[in-house]
Each structure stands twice: as C-alpha cells, then as structure tokens.
Amino acid sequence: MKLTVDEFRHWPHKSITLLGMSGVGKTRLAATLRRQNWFHYSGDYRIGTRYLDEPILDNIKQQAMQIPFLRELLRNDSIYIENNITVDNLQPVATFLGKLGNPEHGGLQLHEFKRRQNLHRDAEIAAMRDVPEFIRKAQEIYGYKHFLNDAGGSLCELDDAKTLDILAAHTLILYIRASKHDEQELIRRAEADPKPLYYREAFLDEQLAIYLRECHVEYTALIDPDDFVRWVFPRLIASRIPRYEAIANDYGYSISAEELWRVKDETQFLQLIETALQR
C-alpha cells in the first residue's frame with residue numbers, strides 16, 4: 001500500500017506488515033505496541049497453531065512411539081499430546097522444520113527435509129493470506145484499533161506474487177533494513193546456536209551442491225546438521241537482502257533496524273513511518 005503522509009495520518013485503522021530478517025526487532029516492536037491498542041498478528045504463530053499443528057503433533061508422536069513406555073500409553077489412549085505454542089515460544093515449529101543432515105546427529109534426510117520445507121511454504125502463504133480476515137477480527141471481535149502483521153523472515157522466499165498483492169492491498173509494508181553490524185550479529189548468533197531455517201528449493205539445491213563439493217562430503221546423510229546451518233546462513237542473508245529490497249521498492253517502504261530500535265512507543269513508531277513515507 002502506497003500512501004502520502006496525510007493519507008497515513010488520517011487512516012483510522014492502520015495496518016502494517018513488518019518485513020525483514022528474524023532478529024531485527026519486529027517482535028520486540030509488536031510486544032510494545034500490543035499495550036497500545038495494536039493487534040499483534042504473528043505469522044509464525046498462525047503457521048504453528050493452524051496450518052502445521054497436525055504435522056507437528058505427528059512428528060512428536062512419532063518420536064514418542066519409539067519409547068516403549070510412552071508407546072503403550074499412547075496406543076491405549078492413557079495420555080495425549082498437544083502443542084503449547086505461544087507467540088513467544090515457537091519451538092515446536094522450528095523442531096518440526098528440522099535441519100538437513102545425518103540422522104544420527106538429529107538431521108533429516110533430504111527428501112523428508114524438503115517435504116517439511118514445502119509444508120512450511122504452503123503454511124506461510126496461507127497464514128499471510130489470512131491477514132485481511134484477521135484485520136477484520138482485530139477490529140470487530142477484539143476491539144483493537146490498529147493491526148501489526150509480524151511476518152516471518154522467510155516471507156521474501158515465497159515467490160508468490162498473489163500473497164504480496166494481498167498484503168499490499170490491505171497493509172502498509174515496512175521493510176526493516178539490517179546494517180552490516182546487524183548482519184554480523186545475526187551470523188554470530190547462528191554460529192553459536194544454529195536454528196532450523198526455511199530455504200527456497202532452488203537456493204537449497206544450489207548451496208547444497210557447493211557445500212558437498214567444498215567440504216568434501218560424499219552424501220547428504222553424512223552432513224553435520226549444525227555445520228551446514230552455520231555454513232549456509234551468511235549465504236542465506238546475502239540472497240534475501242535483494243529480495244527484501246525488491247518487495248519494499250515495489251510494494252512499500254524501508255527503515256533501518258537502528259531507527260526501529262530507537263522506537264519506544266506508538267507515537268515514535270508512527271513518526272518513523274511518516275519519515276519513511278517522506279523519503
């Protein structure tokens with residue numbers, strides 16, 4: 001959505017989509033604005049509770065069934081398993097997504113890894129296409145004045161123009177641009193604590209071939225899962241940045257992560273958006 005400053009100021013029910021890498025401050029801002037009449041729509045929460053709930057539970061049950069004590073309790077319905085996903089705890093989603101590599105080290109075989117990646121992509125598209133309905137719910141059911149779509153870092157990877165068109169028609173898309181220092185800090189975190197990630201299939205195939213060749217690994221099943229995440233993460237950032245920028249250029253506006261971190265309340269956030277619009 002493209003607006004003038006005056007149009008933005010007089011927009012009675014503001015709806016913003018935050019775009020950018022995980023770790024640049026999207027969720028921190030959402031937590032701040034939640035206390036100031038903004039509905040926080042977490043794309044990752046919607047993915048986990050609505051679109052991947054059953055696959056996540058199936059994965060957990062499959063692991064539990066390998067333990068004889070739990071297997072018998074599950075088979076005779078003495079216990080049940082359910083997700084406890086919250087906006088602040090999305091670990092079940094990450095655990096399901098998993099890491100590529102040696103199963104003996106907690107990795108997934110390539111075909112299973114890609115299956116889960118495809119499920120996540122479909123779920124993210126569906127969650128983002130739910131945004132217009134949740135804008136309505138936020139106002140009519142929950143009584144919030146404004147709406148904040150906290151989109152996942154992989155939104156730029158979806159290659160789905162219809163989803164972007166829907167977001168742009170109903171929200172102002174605001175790209176949070178990471179500085180070189182921010183990028184290095186994100187890389188440092190990934191090296192210290194490698195986490196499951198979503199990759200476009202073309203990107204994954206290309207980088208996997210390079211990794212196997214450079215690291216002299218003969219088969220995907222011999223990959224150390226954490227080592228691959230550490231190796232690929234800087235390359236993933238580099239591939240995502242031009243994608244974020246293209247979305248911002250075509251559909252929305254940009255601010256820096258440094259500017260966002262200075263925001264302490266709703267007033268400062270709105271002023272920052274107006275600055276972005278004036279640019």
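Some notes on this structure:
- Looking only at region 51-69, and only at residues there that are surrounded by fewer than 14 Cβ atoms within 10 Å (Cβ to Cβ) and of a type outside the set (F, W, Y), the one that is nearest to A127 (Cα to Cα): E54
- Listed by first and then second residue, the pairs linking a residue in region 147-164 that is in contact (Cβ under 8 Å) with a residue 60 or more places away in the chain and under 14 Å from L236 (Cα atoms) to a residue that is surrounded by 22 or more Cβ atoms within 10 Å (Cβ to Cβ) and of a type in the set (S, T, N, Q), with Cβ atoms under 9 Å apart and 6 or more places separating them unless they lie on different chains, are L155/T17.
- Any hit, region 184-196, residues being more than 23 Å from A94 (Cβ to Cβ) and at pLDDT 95 or above: no
- Considering region 207-220, the residues that are closer than 19 Å to Q109 by Cβ and either of a type in the set (S, T, Y) or assigned to a helix (DSSP H, G or I) (or both) include one that is modelled with the lowest pLDDT, namely Y219.
- Members of region 210-265 found to be of a type in the set (A, V, I, L, M, F, W, C), crowded, with 17+ Cβ neighbours inside 10 Å, farther than 29 Å from D165 by Cα and over 19 Å from the mean Cα position of the chain (by Cα), listed by number: V217, I223, F228, W231
- Scan of region 1-35 for residues that are farther than 23 Å from D165 by Cα, in contact with a Lys or Arg (Cβ under 9 Å, 6 or more places away or on another chain) and not in a helix (DSSP H, G or I), ordered by number: G23, V24
- The lone exception for N149 - which of (1) touching a Phe, Trp or Tyr at 6+ places or on another chain (Cβ under 6 Å); (2) surrounded by fewer than 22 Cβ atoms within 10 Å (Cβ to Cβ) it fails: (2)
The values are calculated or read from the model by the stated rules, or taken from the named source; none is laboratory data. What you are looking at is a predicted structure, and each value in this text was computed from that prediction instead of being measured. Please note: Cβ atoms are built from the backbone with ideal geometry, for glycine as well, and neighbour counts cover all protein chains shown.
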